[in-house]
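Below is one structure; the comments refer to it alone.
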Amino acid sequence: MTEEQAVSGPKKRGCLYYGCLTMIVLAVLMLLATYVGVRFGLKKFVSTYTSPSPVSLASAQLSPTQSSNVVDRIRNFERVLSDPSGLQPLHLTGQELTWWLGQQQDFALHKGTFVIKPLSNQVTVTTSLPLDFIRTPLLKGRFFNGEAKFSLLVTNSHLYLQMKSLEANGRQLPQWVTGRLEVQNLSDSAESNEVWRAFIKHIDRIELQTDEIILHPKRPSD
């Protein structure tokens with residue numbers, strides 16, 4: 001079985017897909033940071049926080065058996081979530097989550113440009129994102145090689161995703177770029193999605209461990 005066959009099936013996006021969109025919100029932050037720099041005509045901003053070449057990221061490679069197992073676990077978790085009496089928490093490593101997102105249609109162009117790594121109290125997203133698609137001469141052939149750290153919390157059926165830090169080329173981005181982002185709940189955009197709302201209301205908590213994210217379902221008595 002090939003990797004493509006392992007993930008074949010209906011293209012309907014599941015609940016977890018919409019939640020994971022927020023996990024990869026770094027791409028949006030990068031565009032915002034770069035856009036602000038261009039908007040204000042700060043060529044120094046672009047030269048300081050973008051690069052003329054990408055950096056090498058660890059590839060999220062899974063065997064056909066491993067990839068099939070990840071897909072089955074996620075699909076099963078989503079399918080029985082509305083009746084979680086016997087449902088066990090969903091465990092995903094950073095490599096598994098990175099690989100799975102890379103298979104989703106909306107992330108096809110960015111496959112291989114990001115790595116997700118859960119830590120004991122936060123999630124780190126490392127990326128080497130080509131910026132040509134922004135279609136401005138200042139960014140042609142430039143890359144955003146950066147890292148963002150986020151905290152995650154589920155309270156009263158709402159996910160709170162807050163950026164703790166954002167850096168590029170080993171430098172922290174200036175406060176005038178990150179200040180407002182650091183006080184916002186970056187998952188608010190997902191709240192307008194009915195599928196996501198139906199999903200998150202069944203999640204009791206999200207636990208972060210070293211290289212593992214664990215989604216705990218609500219029990220009937222919760």
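Each reported figure results from applying straightforward, stated rules to the coordinates on display, with no laboratory input. Everything quoted here is computed from the prediction, not taken from an experiment. Positions of Cβ are backbone-derived with ideal geometry, glycine not excepted, and every protein chain shown enters the neighbour counts.
In order along segment 136-142, phi translates into HN-Hα couplings of 10, x, 5, 10, 4, x, 9 Hz, rounded to whole numbers, per the Karplus curve 6.51 cos²θ - 1.76 cosθ + 1.60 with θ = phi - 60° and x for Gly and Pro. Each label was represented as a point 7 Å from its Cα along the Cα-to-Cβ direction; for GLN105 and ILE134 these points are 2.8 nm apart. The H on the amide N of TYR160, modeled in the peptide plane, is under 5 Å from the matching H of LEU153, VAL154, THR155, each at least 5 residues off or on a different chain. For ILE203, the amide hydrogen comes within under 5 Å of the amide hydrogens of LYS218, counting only partners 5 or more places away or on other chains and with H modelled in the peptide plane.
Each residue of segment 50-61 was assigned a 3J(HN,Hα) from its phi angle through the Karplus curve 6.51 cos²θ - 1.76 cosθ + 1.60 (θ = phi - 60°); the sequence is 10, 10, x, 9, x, 10, 7, 10, 4, 7, 8, 9 Hz, with glycine and proline shown as x.
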